Each structure stands twice: as C-alpha cells, then as structure tokens.
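Working notes, beginning with the structure itself.
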Amino acid sequence: MQQAQNFVAGQGSFDFTGWCSSLRGICGDLEVDRRPHSQFEGQVLKRDVFGCSAVEVGCNVDRVTRSYRTARVSDPMYFLILQIEGASRMIQGGEEALLSAGNMTLIRSETSSEFVFDGFSRQLSVHLPRRLLDARSLGRPLHAARTFSGDGGAGRVVGAMLAAAEEEALGRGLSGLLASQLLDLVACMAADSTRGEGTGSKIYDIHLDQLFDLIERRLSDPDLTIDDIASEYGLSMRHLQRLLASSGTTFSQLVRERRLHKCAEDMHQPRLRSASITDIAFSWGFNDMTHFSRAFREKYRASPREFRRRSIEPPAISAGRQH
C-alpha cells in the first residue's frame, strides 16, 4: 500500500498548497475553499481497491468544487464515496447527499459537483467505470448525490468490502473477481434506494436528463450522429427518436440549438475576445460558416458579429436617467 502524504496543522500555508497540489494531481482540477482563521490539516493517499483506482482524502477545508468546465468527460466514471470520519454534503445536479461515517454516495465524474465539509472529514473515493456500472443497472438510472446507508442491505456489504480492501493484499485474479462483485453490489445498493419512489414519468425524466447530458458532452464533435448517441446510451435509434419526440424536439434540432447556445455563451466571455467567431463556431461542432451564420441570425435576430459587438460593448446610458 502506498504511503499517505500528510499535511498537518501548524506548518503554514505551504502545506495547504502541497495538499491541494497532491489532490489535483490525483483527482484533476478542483477548486478548494479553505476555512478562514483555522489551522489546516489534511491527508491524501492514493489507493487500489480490487484493481480500481481510489483515493483516501482527509481535510478540514470548507469545500471542494469541480466545475462543469473541468469535469472529466473522457472515460466517464462514477465516484463511489464512503464517509470514513466526520460529516459532509455531496451536491450534484440539484441533489444533495448528507453523509455521516459509514454512509456512501455516487458522484458522476463528467458533471459539476460540490463537496461541503463539516469540520475534519475523511473519505474514500473509488473510481468505477460508468459503462460497467450502468450495464448492471438493468435499464434503471443510477442516481447521483443520493445517500446510501451502510447499516443494512447491499450498502452494508459494500462497506464491508471496502474495509476489507484496505486490510488485504490480493492477487490480480481475486481482485478482478471482487471488482466485478463490487460493481454488482453497488448497482443493487443504488436500486434499493429508489424502491417506492415511483416509476413512470420520474424514471422517464431521468432518462431524458441523462440523454441530454450525453449529447451536451459530445457537441464539439462535428461528426456527431444520432447513431453515435444511440449506441453509447444503449438504445435503438428508433427508441431514441421517440424519446426526443416526446419532449418536443428532434436530434438535429436539439444539437443545433445547444451548439448555438454554447456559441452565444462564448461570445459573451471576456476571456475569449481574442478568439474569432469562426474558431468559436468550429469549437462547438459547426463546420460550415454560411450555415452557422444563417442559423444564428434566425435564433438571435442578429448576425454573429453584431451579437458579439453588443455583448461586449457597455449599454448606453441616457442622459438624465438614474440607475
């Protein structure tokens, strides 16, 4: 087992910086808010749980945030988070998991999330490939930021497996078998938490949300097709078309509208003022400027150049009016 990197209280802000650097080196670009007027204490330990990448993190910071821009979109994962010590709130997609010691939650790697800590907190985060866990859900959506109790049912077994992983050095063959069993149990744990909450329209809405998230992540691909999305989501093309039609749109309409919206957002960004309109359009999957300009004017009642000029220039203030 690898040794932890400890950054203990009383050694100054350098140790906080070191802890942040170590955490980002393992978990990606995260924003960390330190609790003011308090001595810092933290720990980062990279681990292996049945062949799955994992990290154990202890800290007394206020919150850790993963923004949409820095979320992990390639090779998406579920982060299975076990609260070992202290208490925390895991927030994602309008949902909030309240964790005390022994409780768990799932967080998606490809969307923004926020971790809020109450005093010193220690957690284990196990990185599970999303495609493998989704395949075990039997068509049921797996909810992010939902509290899973470790006191009973599948949650109790998952907690026991994670505790055993810390104590035992296992061969590759046994680790692979236990990793598969862990995925099965996590899928059962997530399914148990949704029983009695209703099906029908609620499950349908969640499927739509996941589908829209998937399309959103692929907007920059100029060769994106409905077949690509259907294959990645695990639906037939006809089923996907019916799902979108029931929400009042088509695949081509949805992709065009979202790409135009993203282009308009980027034209408002001061940090992108040096980027050309062509660069922005191409970065969001357009490959024909004539088509882009026509579609943009139709949606925003202005050419891309005029829209950008208005978004950058400060509004004129009429003489004699108070604001």
Give me a count of the residues in the range 213-257 that are open to solvent by 70 Å² or more (accessible area, probe 1.4 Å) and within 20 Å of the chain's Cα centre (by Cα). 1
Kindly indicate whether any position in the range 123-146 is out of contact with any helix residue (DSSP H, G or I) (no Cβ under 9 Å at 6 or more places or on another chain), open to solvent by 50 Å² or more (accessible area, probe 1.4 Å) and at pLDDT 90 or above. no
Suppose we filter the range 216-240 for residues that are farther than 27 Å from Cys263 by Cβ and not in a helix (DSSP H, G or I); how many remain? 3
For the range 111-120: of the residues being crowded, with 18+ Cβ neighbours inside 10 Å and within 18 Å of Glu216 (Cα to Cα), which is modelled with the lowest pLDDT? Thr111
Can you tell me which residues in the range 205-254 are of a type in the set (A, V, I, L, M), over 21 Å from Pro76 (Cα atoms) and modelled with pLDDT of 90 or more? Leu254
Residue ID - farthest from Leu219 (Cα to Cα), chosen from residues in the range 296-307 that are surrounded by 19 or more Cβ atoms within 10 Å (Cβ to Cβ) and hydrophobic (A, V, I, L, M, F, W, C): Phe307
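Residues in the range 275-291: is at least one at pLDDT below 90 and either loosely packed, with under 14 Cβ neighbours inside 10 Å or of a type outside the set (D, E, K, R) (or both)? Give the derivation first.
Here is the first cut: in the range 275-291, the residues at pLDDT below 90 are none.
Scanning the range 275-291 turns up no residue that is at pLDDT below 90 and either loosely packed, with under 14 Cβ neighbours inside 10 Å or of a type outside the set (D, E, K, R) (or both).
The values are calculated or read from the model by the stated rules, or taken from the named source; none is laboratory data. Just so it is clear, the structure is predicted and the values come from calculations on it, not from any experiment. For neighbour counting, all protein chains shown are included, and Cβ atoms are generated from backbone atoms with ideal geometry for every residue, glycine included. Note: accessible area is taken over every heavy atom of the protein model, side chains too, but ligands, DNA and RNA are not part of it. Shrake-Rupley method; radii C 1.70, N 1.55, O 1.52, S 1.80 Å.
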